[in-house]
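Enquirer: Pasting a structure below so you can have a look.
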Amino acid sequence: RFAQVLTKLGSAAWIYPMQHVEYSLQHRRCYILRPVSKKGSLKDYMYRATPLHDSKKKYSVVRTKPCKLEDLQRLGRQILLGLQALAQNGVPYPQLSLTNVVFEDKHARLSDVENTLLGLERPCCALDGESTPIEVLKFGMVLLQMAT
C-alpha cells in the first residue's frame, strides 16, 4: 500500500514531487529524494528568506508584511487542493505548517506527505472538543500566519 499511495500522490499537482523512493522493510529504512526548491518553503516566502541559509538566522528577522489578499486566496486554494488529494487517498496530514508547504513559481505544494504512512507522525484528534479534523485546524493556523 505504501508504494501504491506514494506513486499515486507523486502525480498529484499540489503534492511536491519525489524523484526517487527506496525502502527496505527488512532494514526498516526509507529514502526519498526530492528536487531542491529554489524558492524554498512558504515560511521562506513569508520571511523573504533564502532557503539554503541557516534557519536560526533567516527566521530571526521579522518579516516585513503579511501576504497580499490575492496571494492568500491563491495559496490557500492550492493548499486545500493538496489536502483534498491526500484525503482522497486516505492519507492524514497532521504536520501541515508553513515549513511543509514548498513554494515554487507562485504555486504551493505539500511536502513530507509520507510521514504518516511511515509512522513518523501520528494523526491526532482535534483539541476543540469537537470532531474537527486536525488538518482543518492546521489549515486555519497557516492562513492566520499568512494573513498577519
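Enquirer: Does Lys39 count as closer than 26 Å to Phe139 by Cβ, touching a Phe, Trp or Tyr at 6+ places or on another chain (Cβ under 7 Å) and without any contact (Cβ under 8 Å) to a residue 40 or more places away in the chain? Reasoning before the result, please.
Expert: Numbers: closer than 26 Å to Phe139 by Cβ: yes; touching a Phe, Trp or Tyr at 6+ places or on another chain (Cβ under 7 Å): yes; without any contact (Cβ under 8 Å) to a residue 40 or more places away in the chain: no.
Judged against the criteria, Lys39 is not a match.
Listed here are the residues, each with its yes/no results for (1) surrounded by fewer than 17 Cβ atoms within 10 Å (Cβ to Cβ); (2) modelled with pLDDT under 85; (3) under 16 Å from Leu98 (Cβ atoms).
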residue	(1), (2), (3)
Val21	yes, yes, no
Ser24	yes, yes, no
Leu33	yes, yes, no
Tyr45	no, no, yes
Ser60	yes, yes, yes
Arg63	yes, yes, yes
Glu70	yes, no, no
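Enquirer: State all residues of region 72-106 that are closer than 18 Å to Met146 by Cβ, open to solvent by 60 Å² or more (accessible area, probe 1.4 Å) and modelled with pLDDT of 90 or more; if no residue qualifies, say none.
Expert: Gln73, Arg74, Arg77, Leu80, Thr99
Enquirer: I need every pair where a residue in region 13-32 that is over 13 Å from Leu118 (Cα atoms) and among the hydroxyl-bearing types (Ser, Thr, Tyr) has its Cβ under 7 Å from the Cβ of a residue that is open to solvent by less than 100 Å² (accessible area, probe 1.4 Å) and in a strand (DSSP E or B), sequence separation at least 6 or different chains.
Expert: Note: pairs meeting the criteria are Tyr16/Val102; Tyr16/Arg109; Tyr16/Leu110.
Enquirer: Counting just the residues of region 49-79 that are aliphatic (A, V, I, L, M) and assigned to a helix (DSSP H, G or I), which one comes out nearest to Glu104 (Cα to Cα)? Spell out the reasoning first.
Expert: Within region 49-79, the first condition is being aliphatic (A, V, I, L, M), and the residues that meet it are 49, 52, 61-62, 69, 72, 75, 79.
Of the ones still in play, those that are also assigned to a helix (DSSP H, G or I) are 69, 72, 75, 79.
Details: Leu69: 18, Leu72: 15, Leu75: 11, Ile79: 13 Å.
So the residue we want is Leu75.
Enquirer: Further question: Here's a check for you: in region 107-136, which residue that is crowded, with 16+ Cβ neighbours inside 10 Å and part of a helix (DSSP H, G or I) is modelled with the highest pLDDT?
Expert: Glu135
The values are calculated or read from the model by the stated rules, or taken from the named source; none is laboratory data. Since the model is a prediction, treat every value here as computed from it, not as a measurement. Here Cβ is always computed from backbone atoms with ideal geometry, including for glycine, and neighbour counts include all displayed protein chains. Surface accessibility is based on the protein's heavy atoms, side chains included, excluding ligands, DNA and RNA. Shrake-Rupley method; radii C 1.70, N 1.55, O 1.52, S 1.80 Å.
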